[in-house]
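Undergrad: Let me begin by handing over the structure; questions about it come next.
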Amino acid sequence: MTVTWLNSFVPSAGPARPSTRRARRRLVTLAVAALVAPAVAVGCSKEKAHAAFPYLDPALPVDRRVSDLLGRMTLEEKVGQMTQPDRGAVAKDPSMITSLGLGSVLSGPALVPTHDTPSDWANLVDGLQSRALTTRLRIPLLYGTDSVHGDNNLIGATIFPHNIAMGATRDPGLVREAARVTATETRATGPQWVFAPCLCVSRDLRWGRTYESFGEDPNLVIQMETILEGLQGKGAQDLAGPTHVLATAKHFAGDGDTTYGTSTSFAYTVDQGVMVTDRSHFDEVDLAPYVTAVGKYHVGSIMPSYSSVDWTEDGVGNPVRMSANKELLTDVLKKKLGFDGFLISDLKAIQQLPGDYAAQVRAGVSAGIDMFMEPDSAPRFARTLLDEVRAGRVPVPRIDDAVGRILKAKFELGLFEHPFTNRGNIGTVGSPEHRALARRAVAESQVLLKNDGDTLPLRSSQRLYVAGVNASDLGNQAGGWTTTWQGASGDIIPGTTILQGIQRHAADVTYSADASAPTAGHDVGVVVIGETPYAEGLGDVGNGHTLNLSDTDRANIDKVCGAISACVVLDVAGRPQIVTDKLAKMDAFVMSWLPGSEGAGVADTLFGDRSYTGRLPVTWPRAESQEPINIGDKNYDPLFPYDYGLTTSRR
């Protein structure tokens, strides 16, 4: 749907007075009826409207447009811009968009349209946008979604390998292109804002979000921040285009550097825990990626972490949650680093702060958070913040700062001129070209860790015996954050399994998920081991998970590698697993990570269509008890060191 602004219906020159609100509401309703039909010329010209209302004039600098619009807003309208419920809450009460003057709506995992098609997504977002445009000032909505490895809430989108695999490629250009595809597919279906990327530096493999990190070395994370350019473009001028979205660097800061056993959230052990550190380490490891994200890539939004920091300089035992950490959010991030985007809280993050709800809201706003992800409590949040401001406990200048940052993003995204979805690229969602790029990313991410006797690459003439559930499970190879928060096993997305990729290369392939089929007569055994999907703290070791191999995977290795003269093991997992006592049984060992929808890329290196070039982005421990172990540690003695990876020639 192509929509042109009707500047004939213009907002008032200042905050609405009660005596005029109903009349203006009727005018705006008429305007929106015209917005969803072909535009017509009514009343005064656009030029006159722009002259009278500078914020409607795209020719003016963004800062002037922000200042003009901010000066016309009531306190209630400002608070509405700071409020973000999820789609589920809005579906129950659509009037919330207008009654609160919402600034944003999010789709959490599984909060998708009924049919989950590209067009249904665009229709959903545009339907909500139509409601937003009936408000007095017609401020468009920002719609956010979790596109963390492709537009992963949309069935049929191109699903890329998770970040840990992309870190293994050591290919910033590839990371940029993958992000551009993600942005293109996401924006063509409605959302203009993604809650990605995770710029976390993962320092403990027991963390359930390890696979969301590019690696354990901040320098590698910085190298891969080309993802921000792929998502947002090279500058603010690119954001309004159909192939870019507003990015969110997360989770500021130190989310991957917390101490095992310090989390007080649910049964988590690492996630949302406490980082016990000195400021020097924090600056060098955890803050460093954000310096680049802000200074070089001008990231548009940043999400504070659930985690806490406990500075050792003033004695351990007084941690402060990041959502209330004014020192880091305002003094360091906004003032020292010069971050001019906006801060979006994580889901219900302020509700983890001390005190009653009013104290939590006050602490979050005062610390520097600008927009609040309150999925099912938006009206309560808005009421509470209004009360806090009216009581003088939250100053109006802090509100103006927050809203100005949010409006800046909306102007730069071009939402005032083009509030509805540009569907010109909707046909590229899951296209062969996009999937080919994802397949290349899979191939480049493969890390060859052992290759005795040049077992790899395989030959298409060899008779292969393939074992392991993960050889033929799209959900397992995609991992968490795929169609739902936790992901799921099974055929949950379109794509190619690793087994299908192998079968395209070799004619004689026997597959036995549990290795129960006879092994005699085969030249090579291929055992695919690994994890099943999880996300966040539900994947923490000690919370139902371990780095050790499952009994089934161990048995499959023993049987197949013990019976067939050449044995290859592929590990499909979001982090290294403990294989120390099984390594001798393997002739070749490959870390395949979580490849996403294009499992054929695993077979491309397996058979030599592409060379093995990937290198470990994290240290591979000998035992779970070695964690945390990172490059630069004293007494560093891993099974495979950081940056390790063998190479092969193309066959």
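Since every read-out is calculated from the coordinates, none of them should be taken as a lab result. Bear in mind that the values here come from a model prediction, so they are computed numbers and not experimental data. Ideal geometry is used to build each Cβ from the backbone, glycine not excepted, and the neighbour counts take in all protein chains shown.
Undergrad: How far, in nm, would the chain grow between Leu75 and Ser460 when pulled straight, counting 0.36 nm per residue and subtracting the alpha carbon separation?
TA: 131.7 nm
Undergrad: Let me ask something additional. Working out 0.36 nm times the residue gap between Leu60 and Asn219, then minus their Cα-Cα distance, what length gain in nm do you get to one decimal? Present the calculation step by step, with values, prior to reporting the outcome.
TA: Working: separation 159, 0.36 × 159 = 57.24 nm, distance 3.87 nm.
So the extension gain works out to 53.4 nm.
Undergrad: Rg/Rh for the range 301-347 to two decimals, with Rh computed the Kirkwood way over all alpha-carbon pairs.
TA: My calculation puts Rg/Rh at 1.01.
Undergrad: What are the principal axis extents of the Cα atoms in the range 482-533, in Å, biggest first?
TA: Ordered largest first, the range 482-533 gives principal extents of 43, 22, 13 Å.
Undergrad: When N counts the residues of the range 157-268, how does its alpha-carbon radius of gyration compare numerically with 2.2 N^0.38 Å, as a ratio?
TA: Details: Rg = 14.8 Å, N = 112, 2.2 N^0.38 = 13.2 Å.
Against the compact-globule rule of thumb, the ratio is 1.12.
Undergrad: Sticking to Cα atoms, compute the Rg of the range 484-606 to one decimal and its Dmax as the biggest Cα-Cα distance, whole number, in Å.
TA: Answer for the range 484-606, Rg first and Dmax second: 14.8, 45 Å.
Undergrad: If each Cα of the range 328-458 is one equal point scatterer, what is log10 of I(q)/I(0) from the Debye formula at q = 0.15 Å⁻¹?
TA: At q = 0.15 Å⁻¹ the computed log10 ratios are -0.86.
Undergrad: Could you rank the peptides 490-499, 180-189, 60-69 by their average count of other C-beta atoms within 10 Å per residue, with the highest value first?
TA: Highest mean packing first, the order is 180-189, 490-499, 60-69.
Undergrad: Tell me the angle of helix 357-367 to the major Cα principal axis of the chain, expressed in degrees between 0 and 90 and rounded to the nearest ten.
TA: 80
Undergrad: Suppose the chain between Lys296 and Ser489 were pulled fully straight at 0.36 nm per residue; how much longer would it get relative to their current alpha carbon spacing?
TA: Gain on stretching Lys296 to Ser489: 65.6 nm.
Undergrad: Further question: Could you give me D for the range 192-233, from Stokes-Einstein at 25 °C and 0.890 mPa s, where the hydrodynamic radius is the Kirkwood radius over C-alpha pairs? Units µm² s⁻¹, please.
TA: The diffusion coefficient I find is 224 µm²/s.
Undergrad: If you average 1/r across every pair of different Cα atoms in the range 217-343 and take the reciprocal, what Kirkwood value do you get, in Å?
TA: Taking every pair of different Cα atoms in the range 217-343, averaging 1/r and inverting gives 15.3 Å.
Undergrad: Moving on to the next point. I need the per residue convex hull volume for the range 503-558, using only the alpha carbons, in cubic angstrom as a whole number.
TA: 108
Undergrad: Taking every pair of alpha-carbon atoms in the range 272-320, give the share separated by more than 13 Å as a whole percent.
TA: So the pairs more than 13 Å apart make up 63 percent of the total in the range 272-320.
Undergrad: Something else about it: With N set to the number of residues, divide the alpha-carbon radius of gyration of the range 149-209 by 2.2 N^0.38 Å and report two decimals. Provide the component values of the computation, followed by the final result.
TA: Numbers: Rg = 12.6 Å, N = 61, 2.2 N^0.38 = 10.5 Å.
The reported ratio for this selection is 1.20.
Undergrad: Taking each pair of distinct Cα atoms in the range 85-172 once, what is the resulting Kirkwood hydrodynamic radius in Å?
TA: 14.4
Undergrad: Can you give the direction-averaged projected area of the convex hull of the alpha-carbon atoms in the range 457-498, in nm²?
TA: 3.7
Undergrad: Mind grabbing the base-10 log of I(q)/I(0) for the range 48-119 at q = 0.13, 0.22 Å⁻¹? Debye formula, identical points on the C-alpha positions, no solvent, two decimal places.
TA: -0.56, -0.93
Undergrad: Right, something else. Working from the pairwise distances between different alpha carbons, so that the mean of 1/r is found and then inverted, what is the chain's Kirkwood radius in Å?
TA: About 25.6 Å for the chain.
Undergrad: Over 24 Å apart: what share of the alpha carbon pairs of the range 303-399 falls there, rounded to a whole percent?
TA: The calculated P(r) of the range 303-399 puts 20 percent of pairs beyond 24 Å.
Undergrad: At 25 °C and 0.890 mPa s, what whole-number value in µm²/s does Stokes-Einstein give for the translational diffusion of the range 437-514, with Rh from the Kirkwood sum over Cα pairs? Before the final figure, lay out each step's value.
TA: Numbers: Rh = 14.2 Å.
Once the numbers are plugged in, D ends up at 173 µm²/s.
Undergrad: Now for a different question. Given the range 256-375, what count of lysine pairs have C-alpha atoms under 20 Å apart, with each pair 8 or more places apart or on different chains? Show your work: numbers first, answer last.
TA: Details: Lys296/Lys334; Lys296/Lys335; Lys296/Lys336; Lys326/Lys334; Lys326/Lys335; Lys326/Lys336; Lys326/Lys348.
The result is 7.
Undergrad: How far apart, in nm, are two points set 7 Å out from the Cα along the Cα-to-Cβ line at Gln351 and at Glu313?
TA: 3.5
Undergrad: Any idea what log10 I(q)/I(0) is at q = 0.14, 0.17, 0.19 Å⁻¹ for the range 410-459, Debye with uniform C-alpha scatterers and no solvent?
TA: -0.65, -0.76, -0.83
Undergrad: Right, something else. Just the ratio, please: alpha-carbon radius of gyration of the range 540-596 over 2.2 N^0.38 Å, N its number of residues.
TA: 1.17
Undergrad: Still on this model: Taking Cα atoms, how many degrees apart are the long axis of helix 432-445 and the longest axis of the chain, rounded to 10 and kept between 0 and 90?
TA: 50
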